[in-house]
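So the structure is just underneath, and the comments pick up after that.
The values are calculated or read from the model by the stated rules, or taken from the named source; none is laboratory data. Please read these numbers as outputs of a predicted model, since none were measured by experiment. Don't worry about glycine lacking a Cβ; one is built from the backbone with ideal geometry, like all the others, and counts go over all protein chains shown.
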Amino acid sequence: MSSSHPPRPVGAGLPTRRRTLQPVDVREGAGWHVRPLTDAQVNTLSTKEARKLVDIRPARDRRGGARWEVQAKRTVGAVRLGQDDGTVMLRITPKITIDRLLYLLAHAQDRRLRWQPDPVDASVRKELFPAIATLFSRAAERALRTGPLSGYSGREDTAMMLRGRLRAAAQLRRRPGLALPLEIAYDEHTPDIPENQLLLGAARRLARRADVPPGLRARLRRLDARLEGVTTPAPGAPVAAWTPNRLNAHYVPALRLAEIVLRGASFEYEDGRHVSVDGLLFNMEKVFEDFLANTLGAALERHIGGRSQPHPRTHHLDDHNEHILLPDLVHRLSGTDGGLHPAIVVDAKYQEGIKRENLYQMLAYCTCFGLAEGHLVSAAGDTDGTPVRVPVPGGAITLHRHVLDLRLPYPELAARVDELAGTIAAARTTAPQPRARAVT
């Protein structure tokens with residue numbers, strides 16, 4: 001994660017003998033935690049990239065050795081940072097339960113998902129890797145109960161007999177005037193398909209973790225053995241693309257968990273680059289924004305039709321298109337000209353309540369989109385706040401403040417999203433007009 005103390009890449013060879021690391025455990029949103037750290041570990045946690053995960057400062061009471069205070073930011077998970085004497089095993093526990101985190105992660109990836117992860121055993125409820133490994137092994141075992149899926153995959157080869165079809169252009173280019181061998185292309189029925197590649201990649205990644213119990217690691221290795229003939233995804237490679245259908249419906253829970261494992265194995269820099277890390281990290285702000293945009297967008301479409309756009313990048317604040325607008329959700333409805341135009345704008349805030357700067361941001365969105373209402377949704381708070389009415393020339397803009405409590409059980413959370421969609425739909429007082437400046 002930094003030039004001086006980079007994270008150990010996924011799949012990197014480990015020394016035969018290594019000292020046992022005492023994890024640095026902190027909890028998201030729980031303030032400062034006093035932890036004993038060596039000077040080298042302090043250097044690791046003081047790097048620019050590590051400071052994106054935690055803050056660190058000397059403990060006020062330094063009795064009993066070198067003690068430091070560590071505070072988590074908005075990223076949760078477990079990751080190995082640094083190297084040699086500066087290695088730190090950092091574990092950041094989320095405020096919500098692990099099974100609730102998995103629910104948010106899955107729905108943040110798929111806007112029309114109907115799957116709910118199994119409850120997490122109490123014995124692994126507090127640790128991310130054992131919890132995900134337990135759920136994944138259950139789901140994968142169910143998926144593979146009748147054997148791995150197979151599908152047709154295109155192959156190209158050189159052979160002495162015709163199979164499939166002749167690749168005429170390749171034959172003329174490589175062997176002009178020769179009858180044999182033949183350049184051929186054919187479809188092969190094989191288990192080496194994206195669905196199985198995802199399962200294999202996740203099983204091997206989880207099995208390499210030292211914090212996964214031996215019995216669970218053995219279950220993961222048995223899954224590995226059942227996927228013989230499947231290509232292992234390369235570390236850092238994009239997650240294999242797959243499409244839900246009737247044939248792979250029984251794979252879906254396992255595939256969702258496999259995507260969570262593989263996508264959480266990278267760290268995102270501010271410029272959008274991703275690097276592989278020895279761990280699993282999730283930015284809770286991004287998780288909440290994606291979850292709300294996907295689930296609320298789908299609910300709005302059910303309530304009032306139209307089309308939702310999660311995280312659109314189509315409009316700017318200024319005439320020179322230098323400052324892009326980045327709301328989490330814009331819902332479009334038919335306007336007076338018959339075209340689809342912005343009618344609802346929503347922004348998610350992973351915090352308790354709505355702050356003043358959030359109101360200013362939403363006011364800018366409403367002004368640029370030509371809307372009379374905007375909606376801010378926080379992840380915690382007592383009740384929905386009273387709307388803020390902002391006088392503007394020719395009328396007023398109303399800024400609504402909502403709360404979506406992530407601690408709610410799955411059915412209540414889904415019902416709350418649907419209720420929120422109804423409330424937002426009912427708040428509309430004007431028809432959408434083609435007033436916003438779109439990217440050309």
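Please count how many residues of the range 373-393 are small (Gly, Ala, Ser), more than 21 Å from HIS316 (Cβ to Cβ) and at pLDDT 90 or above.
2
Can you find, within the range 356-411, the residue that is farthest from MET284 (Cα to Cα) among those that are buried (at least 19 other Cβ atoms within 10 Å of the Cβ) and of a type in the set (Ser, Thr, Tyr)?
Across the range 356-411, the extreme among qualifying residues is TYR365.
When you go through (1) crowded, with 19+ Cβ neighbours inside 10 Å; (2) at pLDDT 90 or above one by one for PRO432, which number turns out not to apply?
(2) is the only condition that PRO432 fails.
Could you look through the range 196-210, keep only residues that are among the charged types (D, E, K, R) and in a helix (DSSP H, G or I), and pick out the one that is surrounded by the most Cβ atoms within 10 Å (Cβ to Cβ)?
Taking the candidates together, the pick is ARG205.
For residues in the range 211-261 being outside any helix (DSSP H, G or I) and within 13 Å of PRO130 (Cα to Cα), which is modelled with the lowest pLDDT?
Among those that are outside any helix (DSSP H, G or I) and within 13 Å of PRO130 (Cα to Cα), it is ASP211.
Output the residues belonging to the range 394-411 that are out of contact with any strand residue (DSSP E or B) (no Cβ under 6 Å at 6 or more places or on another chain) and either modelled with pLDDT of 90 or more or of a type in the set (Lys, Arg) (or both).
ASP405, ARG407
Checking ASN43 against (1) of a type outside the set (A, V, I, L, M); (2) in contact with a Pro (Cβ under 9 Å, 6 or more places away or on another chain); (3) at pLDDT 90 or above; (4) in a helix (DSSP H, G or I), which test does it fail?
(2)
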